[in-house]
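A.B. asks: Pasting a structure here, questions to come.
Computed from the coordinates by the stated procedures, all read-outs in this text should not be read as laboratory data. Remember, predicted model here, so these are calculated numbers, not experimental data. For neighbour counting, all protein chains shown are included, and Cβ atoms are generated from backbone atoms with ideal geometry for every residue, glycine included.
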Amino acid sequence: MVPVLTVFAGLTQKVAQGTALAAMVLPAIMGCLTYVSQGCVRGNVLPGLLTGVSIGAFLGGNFALQMPETLLRLFCGVIFVLTGCKLLGFIGGRKPAYSMASPEQDCLELPAKYIWDDFVLDHYDHSECEHMGAGI
């Protein structure tokens, strides 16, 4: 989204990044609810993950706002290229811990009652899925 906003909409890198972050709030909530409804959220890692991501976003955002525009564009461009190379398998040939060939194996089939009654899902037996790496 950021490259499109900078190249085609003519926004500066900083404005494009801020706009992209704001545009992701509602889709992120909707996507999260979708994954939660399918049992594909590991509640036990959320506290540490949310803490780290919040601190990183705050520090990274402040750091990015202090960088000169040209350097910020260069930094983002390098990250985009490296990410593309990784996704295409040109660098770091590491495979996922479990296969996506059968998505139903990666997520737990949970009734909605358990998801909304207790977000962390402590009372649900996940032992059958732990060997697949999808336990909550």
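A.B. asks: Which distance in Å, rounded to a whole number, links the C-alpha centroids of region 30-86 and region 9-24?
C.D. replies: Their Cα centres are 15 Å away from one another.
A.B. asks: Here's another thing I want to ask about it. Classify region 31-90 as rounded, prolate or oblate, taking a ≥ b ≥ c as the square roots of the eigenvalues of its Cα gyration tensor: rounded when a/c is under 1.5, otherwise prolate if a/b is larger than b/c and oblate if not.
C.D. replies: On the way: a/c = 3.07, a/b = 1.49, b/c = 2.06.
Oblate shape, in that a/c is at least 1.5 and b/c is the bigger or equal ratio.
A.B. asks: Where Lys and Arg each count +1 and Asp and Glu each count -1, what net charge lies around Phe80 among other residues with Cβ under 15 Å from its Cβ? Let's see the in-between values first.
C.D. replies: Details: positive: Arg73, Lys86; negative: none.
The answer is +2.
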